[in-house]
Amino acid sequence: MLELYQFEASHYSEKVRLLLDYKQLPYQTIEVTPGLGQIDLYRMSGQRQVPVLKDGDEVVPDSSAIARYLERKYPERPVIPVTPKEKGLCLMMEAWADESIGLNARKAMIGAFNQHPNFRTALLPISTPDLVKNVVGAVPSDVLSLLGTGVGFGADAVKSAMEILRQDLESLCLILETQPYLCGDQPTLADFAVAGLSMYLKFPSEIYLDLPVGICNKGVPGLVDDPAFESFWLWRDQLYGNFRKMRGNKPSAGANVTGPVAIGID
């Protein structure tokens, strides 16, 4: 069986999970422990970042490389078009999603985490006592913003990321006005990249992930509640409903659904 080494809350891992589900490939997720587990990951793949796919003796790091490997090895239910123009648009859009939505979404999410206590406490496990939730929610936003500045998530960086993301979402809405998918009438790698990488902007509305139930449907204020972008979120919900598998009762291998949730910045 395919093995996906991942962080459950990684949006690049979610991109790959969407692809695997669409291709209807059975796979097992292996949760990487931040720090120590990434040393083992380096020994296996030559780098520390997730996701990494293991298929027998084949080890493939990086979500884009994984997508191309899956297309070559498991061509059923293809996600990369064959005609030159459509293939070029698909690959270009996937690269754009990685660099624009993927990177800026992390900054926007951290900004929302800093500024909005409700979003902050939604990341806590459902079993967290109310007293702890109140303490976390009461941490002053300026303190969190100061901490964020040290890792490149200061107020100016968040503001710039939000502006870029608004342009991105506007562009996606315009494309989807006249066609069901980003490259035409069939879902492609571009669709699954955009859907997965937008996870930090708005977490899925149903339980597709081993994350606290309270995070479902939560997102970045100013993006998820703007009527101008409602059509995009409806489109993404439909994509999930059509192709993403719901969580079963059994946790993924190595997953800890009762402890604190760490957002993997990969």
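The values are calculated or read from the model by the stated rules, or taken from the named source; none is laboratory data. A quick note: this is a predicted structure, and the numbers were derived from the prediction, not measured. Counting neighbours? That spans all protein chains shown, and the Cβs are built from the backbone with ideal geometry, glycine included.
Tabulated data
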| quantity | calculated |
| --- | --- |
| Of all residues making up the stretch 206-228, the number that are aliphatic (A, V, I, L, M) and at pLDDT 90 or above | 4 |
| Lone qualifier among Ser198, Ser231, Ser160 - being crowded, with 22+ Cβ neighbours inside 10 Å, of a type outside the set (D, E, K, R) and modelled with pLDDT of 95 or more | Ser198 |
| Subset tally (residues that are over 9 Å from Cys90 (Cβ atoms), of a type outside the set (Asp, Glu) and either assigned to a loop (DSSP other than H, G, I, E, B) or in contact (Cβ under 8 Å) with a residue 40 or more places away in the chain (or both)) for the stretch 172-183 | 6 |
| Selection within the stretch 31-43 - part of a helix (DSSP H, G or I) and aliphatic (A, V, I, L, M) | Leu36, Ile39, Leu41 |
| Condition met for Glu99 (within 19 Å of Leu4 (Cβ to Cβ), surrounded by fewer than 19 Cβ atoms within 10 Å (Cβ to Cβ) and modelled with pLDDT of 95 or more) | no |
| Residue check for Ile30: more than 30 Å from Glu170 (Cα to Cα), assigned by TED's automatic domain parsing to the domain that holds Leu18 and out of contact with any Pro (no Cβ under 6 Å at 6 or more places or on another chain) | yes |
| Those residues of the stretch 51-97 which are aromatic (Phe, Trp, Tyr), within 14 Å of Lys15 (Cβ to Cβ) and over 16 Å from the mean Cα position of the chain (by Cα), in sequence order | Tyr69 |
| Residue in the stretch 59-66 that is touching a Leu at 6+ places or on another chain (Cβ under 8 Å), under 27 Å from Cys90 (Cα atoms), of a type outside the set (Gly, Ala, Ser) and assigned to a helix (DSSP H, G or I) present | yes |
| Considering residues of the stretch 34-74 that are in contact with a Gly (Cβ under 8 Å, 6 or more places away or on another chain) and over 23 Å from Tyr240 (Cβ atoms) only, the residue modelled with the lowest pLDDT | Pro34 |
| Subset of the stretch 9-30 (residues that are more than 26 Å from Ser100 (Cβ to Cβ) and not in a loop (DSSP other than H, G, I, E, B)) | Tyr27, Gln28, Thr29, Ile30 |
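A quick yes/no check of all residues on (1) crowded, with 16+ Cβ neighbours inside 10 Å; (2) closer than 19 Å to Met1 by Cβ:
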site	(1), (2)
Pro34	no, no
Tyr42	no, no
Gln47	no, no
Val50	yes, yes
Gly56	no, yes
Ser64	yes, no
Leu70	yes, yes
Val82	no, no
